[in-house]
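Here is the structure we will look at, set down as structure tokens.
The values are calculated or read from the model by the stated rules, or taken from the named source; none is laboratory data. All values derive from a computational prediction rather than experimental measurement. Virtual Cβ from ideal backbone geometry, glycine too; neighbours counted across all protein chains shown.
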Amino acid sequence: MGSQKHTEDILREQISMLYQGGKVSVPVNIITSLILAALSWPALDHTSLIIWASAMVMLSILRLFSCFLYFSQPRLFSTHGWANTFVAGSVLTGLLWGSIIFLFPHQSTLSPYLLIVVIFIAGMTAGATSTSGTYFKASAGFVVPATAPPIAYFSMGSTSVELAISIVLIVYTAMLLRTSQTSDKTIHGFLEQRRLNRAQAAELHEQQELLQSVLDTIEVGVVVFDRDMKLTLWNNALTRYLNISPNWLKTKPTMEDFIRLNAENGDFGQGDIEELVRSRMKRFDDPQNITPHRFERTRPTGTRLEIMGNPMPEGGVVTTYTDVTERFLRLEKIRLLADHDSLTGLVNRPVFERRLRHAIASAKRSGNMVSIFYLDLDHFKDINDTMGHPTGDQLLKQVATRLKKTARETDTVARLGGDEFAIIGTHHSNVHDVYRFAERILDILSEPVEIGEQIVHTGASIGATIFPLDNSTPVELFSHADMALYKAKEAGRDRFALFDSHMNDELQDRKRIETELRHAIHNNEFVLYYQPQIDFETKAVIGAEALLRWQHPERGIVAPDLFLPIAETNRLINPIGNWVIEEACAFTNRINGAKSENFKVSINLSAVQFRSEGLQSFIMETMTKSGVTADQIELEITESMVITNVEDAIKTLRRFQSLGISVAIDDFGTGYSSMAYLKDFSANVLKIDRSFVSEANKRDENRKIIAGIISLGHSLGMQIVAEGVEDADQESLLQSLKCDFAQGYYYGRPMPEADFLTYLEERSSQT
């Protein structure tokens, strides 16, 4: 007992508890002693009893005064001084309680008043054990002095009853001391644990404040929900991005409350608030199995946020909000330039084709009619040649304006290139509507156009087809509209023609080409031409693109545009594509043996070929057979080939790159996914489409697109090849924009292998 060393803090806590209890126990002590004196008045000497009671009251008053001093002037004594003061008071009080027993003389029979005194002493010692149990010395200092006199008194008695009482008092005293000791240890342990808890809480609070300070310095909004989906942490950026009051966040709302507030603020668009909340809470139905998620959202304020949610190991989720407005607007601007014709502002061919596919798919579901109009201006070349390109450009702009005014908002008006335009009509209910719409176009385009001081007269020829009357694929529908346009021109221009079955001669020709293609594969009638690729910095030939040609026994050399679409739709593209890979690899081996090991040959892959399962193994086998290394081969794909199944396409590209084979995206900037998926394409090279290069020195928009593509590609570690370079001005512009490589007629047309080898020798001698 009492040997345990208490730390200063714990002792201070114990003593404070003692004095706190003393404010109650000391007054109780006064009242109890006076009651005992009153009860013992008939049995004891009055003078002695008055002296005892007076001493008890005076001592108690002193102890109350010490309690007052402790709370009013705690620094008057040290902690140990205050402890000793309380213990001394307890000892003196205990002695007074025990001493009253000696006021009774020994008798042969026990006085009932004596038993009352024993009961009072027992009660007071039990009470002291409770009120002073926080500090063993204080409780023992009262119990022992209070019970020792009765024990001595009864042990000196002559009867067995007195002896028994003394033994009982000894056992009782031991029990009280044991209880006091246990209470002291318990309180000590409790105080020690509380001290540790406070220290840990202070440390945790300090860490939380540090974490909060760090979070408040970053520009990414952060919000953390625990496993019960209650908000536990957030930073200042979050309140700015979502316009949420910090006071509201301090109420620790649930995830559902958080989503509801966002819905009420219009972050999820229009709709029933509760339905919006339910739909977004589905991913959090099981807090232990939350999957990572990432998406972007434009707030009603116009701010574009990238939102990423990641589950925590113990449950809950961390969500971050990043302001990507600037990047989004920059990409949207580039996308707008890439999706629209820079001269007229109309959508371009890739967008037209995409919308046509969507319109046909929608019509199949709804049963509605879709009309496709293909038109070009009559005598436009003559106008361009006689009045100049600026006049021709102004004419195209005004034609675009008239077409947009004639068409409905639900229609798509596109410029396909040159003087060719196309319209997708979704509001016609019958064939007569289609004819009337075509007549309105002819009428409005036949009206004179005032350009500066010149009056320009032109007209248009229009071909059209109607789905589902012409129940064909989108590609075939456009082809049929083209056939109808050809018929309209044959009829004398400024005419409209609707596709019908009599225009199937062209389709029959396609079938003949299909049959001849099968013979061409069997008879090995194909040949590869090679167009050089030039390093802008060194002007050296660093590679070539392999281009397929058909050596037709009757038609001569046939360009791939005339037969590859037919091959793709009739499952002939894979054997043709495999032959191209084998021949290109063999050529690569031959030319690297004649030139250098740094020469690279680009091979175009078709969409069907790219999606075939055995492509990778076939390329590896072909490379092994021909002795070509992976760094000597480059595979070219188009964006449309990737967008049909992004995830599988990216996996395929990465498998090629893991083998060391370079991957190039051909005709970049014309596809649906130009910007949105570029970072995921894992490409090594971007090839800028010739449509941007051809008018780069005339159109500021083209220069901006090219500069944007080059900057974007370089930022992603890609090299840039410009296609269709035809003059020194274009070369100079591309060099100034830091383009890496060039390809085009300015450096060399596609040529057979023998001519290409001669070209290399001549080029080497010149450089």
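Taking each residue of region 379-403 that is under 18 Å from L416 (Cα atoms) and looking for partners that are among the hydroxyl-bearing types (S, T, Y) with beta-carbon atoms closer than 6 Å, six or more apart or interchain, yields L396/T344; K397/T344; A400/T344. Among the residues of region 144-173, those that are more than 24 Å from V91 (Cβ to Cβ) and surrounded by 14 or more Cβ atoms within 10 Å (Cβ to Cβ) comprise G157, T159, E162, L163.
Just so you know, in region 606-646 the residues that are touching a residue at least 40 places away in the same chain (Cβ under 8 Å) and among the small types (G, A, S) include one that is surrounded by the fewest Cβ atoms within 10 Å (Cβ to Cβ), and it is S640. Annotation: of all residues in region 697-727 being among the hydrophobic types (A, V, I, L, M, F, W, C) and touching a strand residue (DSSP E or B) at 6+ places or on another chain (Cβ under 7 Å), the one that is farthest from R327 (Cα to Cα) is V725.
Restricting to region 516-560, name every residue that is of a type in the set (S, T, Y) and either closer than 18 Å to Y745 by Cβ or not in a loop (DSSP other than H, G, I, E, B) (or both). Matches in region 516-560: Y529, Y530. The lone criterion from (1) crowded, with 16+ Cβ neighbours inside 10 Å; (2) over 23 Å from L733 (Cβ atoms); (3) modelled with pLDDT of 85 or more left unmet by A649 is number (3).
Checking the structure you have, find out if any residue of region 480-494 is out of contact with any Ser or Thr (no Cβ under 8 Å at 6 or more places or on another chain), among the basic types (K, R) and not in a loop (DSSP other than H, G, I, E, B). Yes, there is a match, as at least one residue in region 480-494 is out of contact with any Ser or Thr (no Cβ under 8 Å at 6 or more places or on another chain), among the basic types (K, R) and not in a loop (DSSP other than H, G, I, E, B).
Okay, residues lined up against (1) assigned by TED's automatic domain parsing to the domain that holds E723; (2) under 29 Å from R408 (Cβ atoms); (3) of a type in the set (V, I, T); (4) surrounded by 14 or more Cβ atoms within 10 Å (Cβ to Cβ):
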{"site": "H457", "(1), (2), (3), (4)": "no, yes, no, no"}
{"site": "A464", "(1), (2), (3), (4)": "no, yes, no, yes"}
{"site": "P474", "(1), (2), (3), (4)": "no, yes, no, yes"}
{"site": "F478", "(1), (2), (3), (4)": "no, yes, no, yes"}
{"site": "L528", "(1), (2), (3), (4)": "yes, no, no, yes"}
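Within region 361-389, take every residue that is within 48 Å of the chain's Cα centre (by Cα) and assigned to a helix (DSSP H, G or I) and give me the one that is nearest to D494 (Cα to Cα). So, considering only residues that are within 48 Å of the chain's Cα centre (by Cα) and assigned to a helix (DSSP H, G or I), the one nearest to D494 (Cα to Cα) is A363. When the helices (runs of 4 or more DSSP H) confined to region 232-322 are screened for residues that are under 23 Å from E219 (Cβ atoms) and touching a residue at least 12 places away in the same chain (Cβ under 8 Å), those reaching at least 1 such residues are found at 236-242, 246-249, 255-264. If the condition is being under 27 Å from D443 (Cβ atoms) and surrounded by fewer than 21 Cβ atoms within 10 Å (Cβ to Cβ), then region 352-373 contributes R355, N368, M369. Just one residue in the set D433, D443 is assigned by TED's automatic domain parsing to the domain that holds Y374, charged (D, E, K, R) and surrounded by 15 or more Cβ atoms within 10 Å (Cβ to Cβ); that residue is D433.
Considering every residue within region 13-23, establish whether at least one is within 24 Å of E192 (Cβ to Cβ) and aromatic (F, W, Y). Within region 13-23, one or more residues are within 24 Å of E192 (Cβ to Cβ) and aromatic (F, W, Y). Looking across region 719-751 at every residue that is small (G, A, S) and assigned to a strand (DSSP E or B), the one that is nearest to F536 (Cα to Cα) is identified as A742.
Summed over region 403-423, residues that are in a helix (DSSP H, G or I) and surrounded by fewer than 19 Cβ atoms within 10 Å (Cβ to Cβ) total 3.
Taking the conditions exactly as written (surrounded by fewer than 18 Cβ atoms within 10 Å (Cβ to Cβ) and acidic (D, E)), does D500 satisfy them or not? In short, yes. Test V413 against the stated conditions and say whether it is under 23 Å from E450 (Cα atoms), touching a Lys or Arg at 6+ places or on another chain (Cβ under 7 Å) and aliphatic (A, V, I, L, M). When the stated conditions are applied, V413 passes them. Inspect all residues belonging to region 449-464 and state whether any of them is of a type in the set (V, I, T) and within 19 Å of I372 (Cβ to Cβ). Yes, that holds for at least one residue. Sort out which residues of region 336-353 are more than 13 Å from A422 (Cα to Cα), part of a helix (DSSP H, G or I) and of a type outside the set (D, E, K, R), and write them in order of number. Across region 336-353, the qualifying residues are L336, L337, A338. Residues in region 446-471 that are over 21 Å from V351 (Cβ atoms) and within 50 Å of the chain's Cα centre (by Cα): I466, P468, L469, D470, N471.
For R63, the criteria (1) in contact with a Cys (Cβ under 9 Å, 6 or more places away or on another chain); (2) surrounded by 15 or more Cβ atoms within 10 Å (Cβ to Cβ); (3) of a type in the set (D, E, K, R) hold in every case but one, which is (1). Considering the conditions (1) of a type outside the set (G, A, S); (2) surrounded by 17 or more Cβ atoms within 10 Å (Cβ to Cβ); (3) part of a helix (DSSP H, G or I), W579 is excluded by exactly one of them, (2). Being modelled with pLDDT of 85 or more, touching a strand residue (DSSP E or B) at 6+ places or on another chain (Cβ under 8 Å) and within 13 Å of T319 (Cβ to Cβ): is that true of V224 here? Answer is yes for this residue. Could you please let me know if I187 is within 21 Å of P300 (Cα to Cα), among the β-branched types (V, I, T), at pLDDT 75 or above and part of a helix (DSSP H, G or I)? So I187 fails the test. Is it the case that F587 is closer than 18 Å to A754 by Cβ and not in a loop (DSSP other than H, G, I, E, B)? Yes. Is it the case that D376 is surrounded by fewer than 18 Cβ atoms within 10 Å (Cβ to Cβ), acidic (D, E) and either touching a strand residue (DSSP E or B) at 6+ places or on another chain (Cβ under 9 Å) or assigned by TED's automatic domain parsing to the domain that holds K487 (or both)? No, not satisfied.
The single residue among R493, R512, R549 that is within 30 Å of N430 (Cα to Cα) and charged (D, E, K, R) turns out to be R493.
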